[in-house]
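Note sheet for the following structure.
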Amino acid sequence: MAETKITEYLGTGRRKTAVARVRLASGNGKITVNSRPFENYFPLETLRVTAAQPLTLTGTAEKFNVRINVSGGGPNGQAGAVRHGIARALLQFDATLRGALKAEGFLTRDSRMKERKKYGQPGARKRFQFSKR
């Protein structure tokens with residue numbers, strides 16, 4: 001029994017509180033997110049475009065089957081995390097794509113996080129109304 005080794009390229013993407021674990025395997029362009037079809041998981045066209053940007057930029061959309069596990073955050077954060085993860089996985093596949101991906105900013109982790117609420121205040125920056133008397 002001959003064992004066929006399927007090479008997978010792994011990438012971890014993060015955005016806000018979302019974390020995406022991406023696996024690229026050679027295939028025909030099928031994308032599944034949390035065992036659901038890509039179009040099902042990201043119903044908005046803008047989110048699908050954002051998530052698939054690295055594949056369309058490098059022209060590898062039809063070369064790979066992409067399996068993604070994503071958790072945390074909301075739809076926008078998850079789409080950004082998926083984009084970051086796919087870009088990192090593509091680097092493992094071909095390091096020469098680095099220039100194109102870096103120029104578009106897909107390899108940069110968007111570090112903007114929600115600022116924590118402070119004690120004695122209603123929010124992170126908002127203050128209770130001042131009363132002189």
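The values are calculated or read from the model by the stated rules, or taken from the named source; none is laboratory data. In this text, all values refer to a predicted model and were calculated from it rather than measured experimentally. In this analysis, Cβ positions are derived from the backbone assuming ideal geometry, glycine residues included, and neighbour counts consider all displayed protein chains.
General observations
- Strands (runs of 3 or more DSSP E) completely within the stretch 1-105 that count 2 or more residues being at pLDDT 90 or above and under 30 Å from Glu115 (Cα atoms): 8-15, 18-26, 64-71
- Remark: Lys102 matches the filter, which requires a residue to be out of contact with any helix residue (DSSP H, G or I) (no Cβ under 8 Å at 6 or more places or on another chain), farther than 16 Å from Tyr9 by Cα, surrounded by fewer than 17 Cβ atoms within 10 Å (Cβ to Cβ) and not aromatic (Phe, Trp, Tyr).
- Within the stretch 70-99, restricting attention to residues that are touching a strand residue (DSSP E or B) at 6+ places or on another chain (Cβ under 7 Å) and free of Cβ contacts under 8 Å to residues at least 60 places away in the same chain, the residue that is farthest from Asn34 (Cα to Cα) is Gly73.
- Residue match in the stretch 58-69 (condition: basic (Lys, Arg) and in contact (Cβ under 8 Å) with a residue 12 or more places away in the chain): yes
- Scanning the stretch 61-86 for residues that are buried (at least 18 other Cβ atoms within 10 Å of the Cβ) and within 11 Å of Leu24 (Cβ to Cβ) gives Phe64, Val66, Arg67, Ile68, Gly85, Ile86.
- The set of residues in the stretch 35-88 being closer than 24 Å to Ala100 by Cβ and charged (D, E, K, R) consists of Glu45, Arg48, Glu62, Lys63, Arg67, Arg83, Arg88.
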